[in-house]
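Everything below concerns the one structure shown next.
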Amino acid sequence: MYPYELIAGSGIDLYVVFIIIGVVAAFVTLRLLSGKVYLPDKVFNFTLLTSVITVVLGWLSAMLFQGFYNFLAEGQFVIRGQTFYGGLIGGAAVFIAFYFGVGHFVFKDKSNVKCFNELMTIAMPAIVIAHAFGRLGCLMDGCCYGAVTDKWYGITMYSGDVWAKRVPTQLFESLFLFALAAVLVTLILRFKFRNTASVYLISYGVWRFFIEFVRADSERGSSGIPGLYPSQVTAIVLVLVGIAWALIYKFIFKKRFESAIQNEKVDL
């Protein structure tokens, strides 16, 4: 909709602005929810440091994943654009490695390990909110665009190097993500629900699988599986992981966490 620099030569456009807003909103969400799950300040502060490192390396991972998809489609590794899944998977790997690796030396009482589920609980809505703002940035930039349409809900945007009225998949996904964030926060605050990870993985995986059918940005690369886009394959994996974690949580961790909630504190 507005793929231009806000200040000529600055490199700052609305895509960058919404990304920054999303990151800030994620950190604010973590701060506001941390007290609701009784996350110790020391763990929270260490999480902030870990998150900064994660954002930087996660962005690099997003570019590398897209380069791999391009390699499958074109036969050469070309870094062109980013993919959210790449950032999510790479960022998660970096976060876990730093949180537990460095955290092993920082937390002698292993409070980072004991509080990990509480951290995951509030991290999910934070990630979703950041992603929601990021998709608004995609709408402004014209990437991740939908198919050409003449329907009333179409939006004229600069995409595929031309101005065209398209299905605003970016806007639809942003609205879905804001709604999902609201659901996750409600589950945490009202129902003291602590397995938001499964809700997020399954919900977003299903959504992303189907929204891909109306996407039209052909430069997304190849999944190596005929008939499926890379994001659809990853979406299936997310759903399976979400289901697996729901079962693990129910039969292994649920009793401990419910006991902690009844005592109105985490058992440290």
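The values are calculated or read from the model by the stated rules, or taken from the named source; none is laboratory data. All values reported here derive from a predicted model rather than from experimental measurement. Methodologically, a virtual Cβ is constructed for each residue, glycine included, from the backbone with ideal geometry; neighbour enumeration extends over all protein chains shown.
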Could you say whether any residue in the stretch 210-227 is surrounded by fewer than 19 Cβ atoms within 10 Å (Cβ to Cβ), under 30 Å from SER111 (Cβ atoms), of a type outside the set (Asp, Glu) and modelled with pLDDT under 95? no
For the stretch 69-96, name all the residues that are surrounded by 15 or more Cβ atoms within 10 Å (Cβ to Cβ), modelled with pLDDT of 65 or more and not hydroxyl-bearing (Ser, Thr, Tyr). GLN82, PHE84, GLY86, GLY87, LEU88, ILE89, GLY90, GLY91, ALA92, VAL94, PHE95
So LEU39, is it buried (at least 19 other Cβ atoms within 10 Å of the Cβ), within 30 Å of LYS192 (Cβ to Cβ) and either among the aromatic types (Phe, Trp, Tyr) or at pLDDT below 90 (or both): yes
From SER159, SER174, grab the single residue that is touching a residue at least 40 places away in the same chain (Cβ under 8 Å) and either among the β-branched types (Val, Ile, Thr) or under 19 Å from SER231 (Cα atoms) (or both). SER174
